[in-house]
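To start, the structure itself, in structure tokens.
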Amino acid sequence: MNTDAILSFEEAMEKYDPVLGFEVHVELNTKTKMFSSAPNVFGDEPNTNVNEVDLGMPGVLPVVNKAAIESSIKIGLALNCKIAESCRFARKNYFYPDTPKNFQTSQYDEPIAYDGYLDIELSDGTVFRVEIERAHMEEDAGKLTHMGGATGRIQGADFSLVDYNRAGVPLVEIVTKPIEGAGSRAPELAKAYVAAVREIVKNLGVSDAKMERGNVRCDANVSLRPHGRERFGIRSETKNVNSLRAVEHAVRYEIQRHAAVLDAGEPVIQETRHWHEDTRTTTSGRAKSDADDYRYFPEPDLVPVVPSRQWIEELRATLPEPPAARRKRLQADWGYSDLEFRDVVNAGVMDEIEETIAAGASASVARKWWMGEIVGRAKNADVDPGQLGVQPATIVELSRMVEEGKINNKMASEVLDGVLAGEGTPAEIVEKRGLAVVSDDGPLLEAIDAALAAQPDVAEKIRGGKVQAIGAIVGGVMKATRGQADAGRVKELILEKLGVTV
Amino acid sequence: MAAINRDDVAHLARLAHIEMSAQELDRMAGELAVIVDSVKSVSEAAGDDVPATSHPIPLNNVFREDVVGHTFTAEQALSGAPDSDENRFKVPAILDEA
């Protein structure tokens, strides 16, 4: 139950200046775990991807996964960070059943990457620089399922069940410096920042980057201060905000909540907040206190990591084109306007359009199909456009049939439905459903005569020069031919018949 | 370094989930203070030319290739667990301290 007062976002912005900070955890997609050779696989039977190291048994010795180091360095480089000459691991001590060792192996005073930045492009093209404090390596914890109680949440649970398959999965935690000056665009920036980090790690191929699976997780810090004051306010940290939309909503909500607290003359409590997707609110977790005394100390079982400059340069040479540069290049290649391109990016079909063009479609045809046909279908099915499984070759074939006049656009859309329903290739569906543009003028002329006779007033208008009225007649013809006529040809024939030239 | 007092020991005991009696706290405060003082004498011996280290062996970059090795079955993994259910470790519900 949430009883926190909130101010309207607009009022909060009039009175206060938000400062943000993010900790984004990225799960690496290495074959094995950070310190053990057990497989790093999602979704297997509980406690089958574990060995003695993951279960924290006495006397075991962790060994660092080289591929995880390489992935971490790549992330650091992509975030424009410096890579440490030497860094070490540390134990973060706490008691909780998700960590059988009673500590998490992490990095503390010597992260592998530090002092970077990321330029974030907002929806209107404004570029905002987010400074990166550090990116450090650590391991994920096991997964707890709270049983009993009514809600499945920890409150009221009778006991918990633990699966350690995720324990020891390599993580890179990316920490920003305090982000100032975003103003009323703070929620949008929050979403864009996490989206950019996700895109980078996906592009690098170092993470599956699926937020719904927890591959990328965000903790969002928010504080407010009166306009003009330099000193930061007290912050809250909203944990595990696990979708891009939720990041935006959580930051917005926390700004509104803090503003109401400050307006009432009370201090903001420094605490962890839990995000609730259903109500789009946060509730109080625990206050920061002694429990945060993690008593970090250097991990004695792991020796320092000292990446040679040569190794780093080798890794740098493998980095793919940065996402922002790639977007710029693609927009220029395709000749889309800023607005068209932004719509494509926001709809999440840039990769798909690139593949479709590579398969032989023109840039405008690829955009027409993805934005005009497929995005809408995906929305109806509540999936990402890419998940519908439309093959680039299908679009190329459909557009070729339209260009050759075999089918019209309306039929092509119908054929696409058939392809999505698994009825076969476009050619097979056209054949099976008997779809073909009627190109023999004979039946068309009959239909046109009938349509003109049915609407003599419209025919008169067209004769009189009001050519735009022709739609009603074309419509009648299309109806009579059940949509199988070539609308362009019908128009020509009607004008011919009525002796009108345009 | 400030001396270890009774409150420090009580704080550490709480963090380490160790229950200690009043007498134990008193005794441990004295003993820990002696230990910390003893360790401190090391820094008197080391001059400014000796860098601090967390690893006494001059070794670094000990890595493993990313190749899948052995795993336990769920049955083996759970064989030492006090309680289990649905192939998972069963633990009392604990409020999040992580």
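Derivation of every value follows stated rules applied to the coordinates shown; laboratory data play no part. Since this is a predicted model, take the numbers as computed values, not measurements. Please note: Cβ atoms are built from the backbone with ideal geometry, for glycine as well, and neighbour counts cover all protein chains shown.
For chain A, what is the mean residue ellipticity at 222 nm derived from helices alone (per DSSP H run of n ≥ 4: -39500 (n - 2.57); sum divided by total residues; nearest 500 deg cm²/dmol)?
Result for chain A: -11500 deg cm²/dmol, rounded to the nearest 500.
I need the shape label for the protein assembly as shown. Rule: rounded when a/c is under 1.5, else prolate if a/b > b/c, else oblate, with a, b, c from the alpha carbon gyration tensor.
Working: a/c = 2.48, a/b = 2.19, b/c = 1.13.
Taking the square roots of the gyration eigenvalues as a ≥ b ≥ c, the protein assembly as shown is prolate.
Of A:GLY389, A:VAL241, A:GLY116, which is farthest along the charge dipole of chain A in the positive direction, counting Lys and Arg as +1 and Asp and Glu as -1 at C-beta?
A:GLY116
Full-extension gain between A:ASP278 and A:VAL127, please, as 0.36 nm times their residue separation minus the C-alpha to C-alpha distance.
Values: separation 151, 0.36 × 151 = 54.36 nm, distance 3.19 nm.
Separation in residues times 0.36 nm, less the Cα-Cα distance, equals 51.2 nm.
Please identify the GluC sites (Glu not before Pro) of the stretch A:211-318 that satisfy two criteria: DSSP loop assignment and at most 13 other Cβ atoms within 10 Å. Which are they?
Within the stretch A:211-318, the qualifying GluC sites (Glu not before Pro) (loop, at most 13 other Cβ atoms within 10 Å) are A:GLU230, A:GLU277.
With the dipole of the protein assembly as shown worked out from charges on the C-beta (+1 for Lys and Arg, -1 for Asp and Glu) around the Cα centre, which of A:ALA250, A:ALA485, A:ALA347 lies farthest toward the positive end?
Of the options given, the answer is A:ALA485.
May I ask you to derive the FRET efficiency for A:SER8 and A:ASP333 from their Cβ-Cβ distance with R0 = 56 Å, giving the value to the nearest 0.05?
Efficiency for this residue pair is about 0.80.
Between B:ALA13 and B:ASN60, what is 0.36 nm times their sequence separation minus the Cα-Cα distance? Round to one decimal in nm.
Net length gain for the segment: 13.5 nm.
Just subtract the alpha-carbon distance of A:SER184 and A:ALA421 from 0.36 nm times their residue separation and send over the number in nm, one decimal.
Full-extension gain reported as 80.9 nm.
Give a quick list of chymotrypsin sites (Phe, Trp or Tyr not before Pro) in the stretch A:37-143 that DSSP marks as loop, anything other than H, G, I, E or B, with at most 14 other Cβ atoms within 10 Å.
In loop regions of the stretch A:37-143 (DSSP not H, G, I, E or B), the sparsely surrounded chymotrypsin sites (Phe, Trp or Tyr not before Pro) are A:PHE95.
From the residues A:SER337, A:GLY442, A:GLY405, which one has its Cα farthest along the dipole of the protein assembly as shown in the positive direction, the dipole being from +1 and -1 charges on Cβ of Lys/Arg and Asp/Glu about the Cα centre?
A:GLY442
What net charge do the residues around A:GLY116 carry, taking every other residue with its C-beta under 15 Å from that of A:GLY116, with Lys and Arg at +1 and Asp and Glu at -1?
Result for the neighbourhood of A:GLY116: 0.
Which residues make up the longest stretch of chain B clear of GluC sites (Glu not before Pro) that lie in a DSSP loop with no more than 13 other Cβ atoms within 10 Å, not counting the sites?
Result, exposed sites excluded: B:20-64.
Just list whichever of A:LYS202/A:LYS368; A:LYS328/A:LYS379; A:LYS74/A:LYS379; A:LYS82/A:LYS202 have alpha carbons separated by over 23 Å in the model shown.
Table pairs above 23 Å Cα-Cα are A:LYS202/A:LYS368; A:LYS328/A:LYS379; A:LYS74/A:LYS379.
So if R0 is 35 Å, what FRET efficiency would A:GLN387 and A:GLN270 give, r being the distance between their Cβ atoms, rounded to the nearest 0.05?
For A:GLN387 and A:GLN270, the calculated efficiency is 0.30.
Which of rounded, prolate, oblate describes the stretch A:348-419, given a ≥ b ≥ c as roots of the alpha-carbon gyration tensor eigenvalues and a/c under 1.5 marking rounded, otherwise prolate only if a/b is larger than b/c?
Cα axes put the stretch A:348-419 in the oblate bin.
List the GluC sites (Glu not before Pro) in the stretch A:1-109 that DSSP assigns to loop (not H, G, I, E or B) and whose Cβ has at most 16 other Cβ atoms within 10 Å. Which are they?
A:GLU85
With equal scatterers on the alpha carbons only and no solvent term, can you work out the Debye log10 of I(q)/I(0) for the stretch A:411-457 at 0.27 1/Å?
Per q value, in the given order, log10 I(q)/I(0) is -0.87.
Taking a cut-off of 27 Å between Cα atoms, list the lysines near A:LYS101, but don't count ones fewer than 8 places away on the same chain.
The qualifying lysines are A:LYS31, A:LYS33, A:LYS66, A:LYS92, A:LYS143, A:LYS239, A:LYS288, B:LYS90.
List the relative contact order of the stretch A:21-147 as a percent without decimals, with contacts defined as Cα pairs under 8 Å and 6+ residues apart. Can you show the working numbers first?
Details: 191 pairs, mean separation 25.4, N = 127.
Here the relative contact order equals 20 percent.
State whether chain B is rounded, prolate or oblate according to the following rule on the C-alpha gyration tensor (a ≥ b ≥ c being the square roots of its eigenvalues): a/c under 1.5 gives rounded; otherwise a/b larger than b/c gives prolate, and the remaining case gives oblate.
Working: a/c = 3.62, a/b = 1.31, b/c = 2.77.
Oblate.
Report for the protein assembly as shown the percent antiparallel among DSSP-assigned beta bridges with both residues inside it, nearest 5.
Values: 62 of 69 bridges.
Around 90 percent antiparallel, to the nearest 5.
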